[in-house]
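First up is the structure itself, then whatever we jot down about it.
The values are calculated or read from the model by the stated rules, or taken from the named source; none is laboratory data. Because the structure is a prediction, the values reported are computed rather than measured. Heads up, the Cβs are rebuilt from the backbone with ideal geometry, glycines too, and the neighbour counts pull from every protein chain shown.
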């Protein structure tokens with residue numbers, strides 16, 4: 001019997017660095033995807049609460065100490081936030097698993113320690129970033145400065161709430177920006193732990209606010225005239241809407257959107273290693289990950305062998321209570337996500353694909369929003385199950401004839417976020433990686449390194465997160481012309 005999460009209730013919002021009563025009376029009820037029972041209640045932020053949070057951020061940026069501090073002073077505060085993540089990582093992991101169904105066995109790393117690594121990596125990047133440089137211009141010497149963009153609206157999803165929050169807040173705050181974090185109504189509870197950590201770390205008043213709210217309030221925040229930058233992670237449809245609303249004020253945007261990533265298994269690959277490397281990242285977070293390897297491309301020459309191996313591994317995944325440490329695949333975050341996956345499974349069968357394993361609700365789970373780990377075989381890349389982001393535990397096995405066709409199939413997608421290749425020849429794998437048009441790629445592994453740029457081609461987004469490229473998204477560039485002949489004393 002696993003330990004259950006007690007009902008967690010919060011009556012205030014974190015605005016401008018202080019817990020304060022909300023202006024409205026709306027309440028968000030957090031539902032366990034395992035028990036379908038209420039496990040938490042928090043205030044639903046209103047547009048008036050957004051106005052208060054943005055005003056506090058505006059004052060803190062225009063008049064407060066945070067943008068005017070030395071970098072070392074800001075790093076000291078962010079380091080305290082990072083260190084607190086290390087201390088409270090199990091608390092984060094358990095809260096997030098209880099809310100979105102991520103198996104606790106992976107949540108410790110994927111949901112908690114990975115977020116801590118984002119904070120830590122941002123500190124590393126900030127120390128070496130070129131904030132100011134001298135150049136020789138055509139008409140004389142130049143001083144090029146990078147200055148913080150201003151007030152940042154950070155909008156994050158429910159699948160990796162702390163990881164995506166860190167991807168936005170860590171660079172924004174280190175750059176000297178102030179921020180309003182809008183968290184998903186499915187996963188607001190862990191945000192209160194972050195608020196406590198931020199308060200204890202010594203962020204000055206106004207620098208950070210955290211608001212749980214729905215899409216309507218998100219849209220109000222994104223369209224706020226006092227927001228200078230929007231950093232958003234979510235679906236393509238929502239990203240288009242964010243871009244549309246932000247464009248009314250010419251607000252800068254970074255969009256990290258969906259994916260339909262392909263793992264290419266070349267004919268010379270070690271099958272055991274490929275299965276062990278791909279399966280955890282195809283069904284990661286119960287299939288609810290934008291970088292998930294949801295299309296597995298295998299050669300016709302080894303199709304039967306590989307189909308059998310991947311189906312066996314998927315079918316062996318242990319499904320159950322996300323807080324049970326032996327669980328490998330938990331429930332989907334909401335009933336709508338469960339139904340979406342079941343609808344796509346039906347569609348895949350109608351399109352002519354063959355279910356190799358799964359395809360139903362698990363018989364052993366009498367309640368909860370579960371779907372069996374499902375692998376479709378004999379999939380053609382033109383099928384909707386191969387082209388549309390399902391965001392559930394439904395994976396496509398697609399045959400190909402040769403390497404050129406594998407690359408063509410991988411690229412034949414409206415998305416371009418992630419991908420991998422598996423081969424006995426690393427140099428050959430690197431060549432494939434160079435050919436596939438996607439923002440991140442792995443050879444004989446799967447990883448997301450926070451010191452390199454993360455983002456997508458095509459419908460997978462705009463801009464980058466992580467590394468100096470992601471850090472640079474939170475700066476404006478200023479050119480200062482200096483008089484001819486000027487030399488620094």
Legend entry - Count of residues meeting criterion [over 24 Å from residue 30 (Cα atoms) and either within 19 Å of the chain's Cα centre (by Cα) or surrounded by fewer than 21 Cβ atoms within 10 Å (Cβ to Cβ) (or both)] in region 200-220: 5
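In the set 332, 356, 375, which member is over 27 Å from the mean Cα position of the chain (by Cα), within 29 Å of residue 35 (Cα to Cα) and surrounded by 18 or more Cβ atoms within 10 Å (Cβ to Cβ)?
Result: 356 is the single residue among 332, 356, 375 that is over 27 Å from the mean Cα position of the chain (by Cα), within 29 Å of residue 35 (Cα to Cα) and surrounded by 18 or more Cβ atoms within 10 Å (Cβ to Cβ).
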Inset, instruction - Being under 18 Å from residue 60 (Cα atoms) and either surrounded by fewer than 18 Cβ atoms within 10 Å (Cβ to Cβ) or not assigned by TED's automatic domain parsing to the domain that holds residue 50 (or both) is the filter here, so list the residues in region 7-25 that pass it. - result: 18, 19, 20
Legend entry - Test result for residue 431, without any contact (Cβ under 8 Å) to a residue 12 or more places away in the chain, surrounded by fewer than 24 Cβ atoms within 10 Å (Cβ to Cβ) and within 20 Å of residue 277 (Cβ to Cβ): yes
Inset, instruction - Please go through region 107-133 and pick out each residue that is in contact with a helix residue (DSSP H, G or I) (Cβ under 9 Å, 6 or more places away or on another chain) and not in a helix (DSSP H, G or I). - result: 129, 130, 131
Inset, instruction - Working only within region 221-238, note down all residues that are buried (at least 23 other Cβ atoms within 10 Å of the Cβ) and under 19 Å from residue 413 (Cβ atoms). - result: 234
Legend entry - Residue check, residue 297 buried (at least 18 other Cβ atoms within 10 Å of the Cβ), assigned to a loop (DSSP other than H, G, I, E, B) and in contact (Cβ under 8 Å) with a residue 24 or more places away in the chain: no
Inset, instruction - Restricting attention to region 158-177, report how many residues are surrounded by fewer than 24 Cβ atoms within 10 Å (Cβ to Cβ) and not in a helix (DSSP H, G or I). - result: 2
Inset, instruction - List every residue pair whose Cβ atoms sit under 9 Å apart, with the two residues 6 or more apart in sequence or on different chains, where the first one lies in region 12-23 and is at positive phi and the second, anywhere, is crowded, with 23+ Cβ neighbours inside 10 Å and in a strand (DSSP E or B). - result: 16/208; 16/209; 17/208; 17/209
Legend entry - Scope region 76-94; condition more than 24 Å from residue 158 (Cα to Cα) and buried (at least 18 other Cβ atoms within 10 Å of the Cβ); matching residues: 77
Legend entry - Sole residue being out of contact with any strand residue (DSSP E or B) (no Cβ under 9 Å at 6 or more places or on another chain), in contact (Cβ under 8 Å) with a residue 12 or more places away in the chain and buried (at least 23 other Cβ atoms within 10 Å of the Cβ), chosen from 391, 474: 391
Legend entry - Residues of region 220-235 classified as closer than 17 Å to residue 158 by Cα and out of contact with any strand residue (DSSP E or B) (no Cβ under 8 Å at 6 or more places or on another chain), total: 1
